[in-house]
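Q: Below you'll find the structure I mean.
Any read-out appearing in this document is the output of simple, stated calculations on the displayed coordinates, not a laboratory observation. The structure presented is a predicted model; accordingly, all values stated were derived computationally and were not measured. Neighbour counts are summed over all protein chains in view; Cβ atoms, including those assigned to glycine, are modelled from backbone coordinates with ideal geometry.
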Amino acid sequence: MMGWPLLPVFAQLGAGLLVGLLVGTLHFASLGLNLRLFSAGRVLPALALQLLRVGLSVALLAALIRLGLAALLAGAVGLLLARQLTVRRMRP
């Protein structure tokens, strides 16, 4: 199987960080909806949302590895940065 052509390292870092931030923001922001669904006893929609959240995050990180290791590492950093920003924004 042919892989995608490798991008220059700086392009990998930029793409990975951007994708990681976007996916991480969506992933962690949807935790509130997931919590409300579980709290309301709507287990099936909550589990479906949980599967969608995790599946999307894994799929996009798996796609980043096809761009290169730097893209994957930057994507993971972007995911963690998005987590920090979302947690900080949600604190009372």
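Q: If you wrap the chain's Cα atoms in a convex hull and average its projection over all directions, what's the area in nm²? Walk me through the numbers on the way to the answer.
A: Working: hull surface 27.2 nm².
If I average the Cα hull's projected area over directions, I get 6.8 nm².
Q: Right, another one. Using 1/(1 + (r/R0)^6) with R0 = 30 angstrom and r between the beta carbons of Leu35 and Leu69, what's the FRET efficiency to the nearest 0.05?
A: Values: r = 34 Å, r/R0 = 1.14.
Efficiency computed from Cβ-Cβ geometry: 0.30.
Q: Also, quick follow-up: Please give the charge dipole size of the chain, origin at the Cα centre, charges +1 on K and R Cβ atoms and -1 on D and E Cβ atoms. Round to the nearest 20 debye.
A: Numbers: 8 positive and 0 negative charges, 76 e Å.
Once rounded to the nearest 20, the dipole reads 360 debye.
Q: For a quick protection proxy, order the peptides 66-74, 26-34 by their average other-Cβ count within 10 Å, most packed first. Display every interim value, and only then the final one.
A: Details: 66-74: 19.6, 26-34: 15.9.
Top of the packing list down: 66-74, 26-34.
Q: Still on this structure: Given 0.36 nm per residue, what is the gain on full extension from Arg83 to Leu44 after removing their alpha carbon distance, in nm? Numbers along the way, then the final one.
A: On the way: separation 39, 0.36 × 39 = 14.04 nm, distance 2.51 nm.
Gain on stretching Arg83 to Leu44: 11.5 nm.
Q: Would you mind calculating the relative contact order of the stretch 10-85 from Cα pairs under 8 angstrom and at least 6 residues apart, reporting the percent as a whole number? Intermediate values should be presented prior to the final figure.
A: Numbers: 88 pairs, mean separation 45.5, N = 76.
Relative contact order, the stretch 10-85: 60 percent.
Q: Projecting each Cα onto the charge dipole of the chain (Lys/Arg +1, Asp/Glu -1 at the beta carbon, about the Cα centre), which of Ala29, Gly41, Gly75 comes out farthest on the positive side?
A: About the Cα centre, the residue reaching furthest to the positive side is Gly41.
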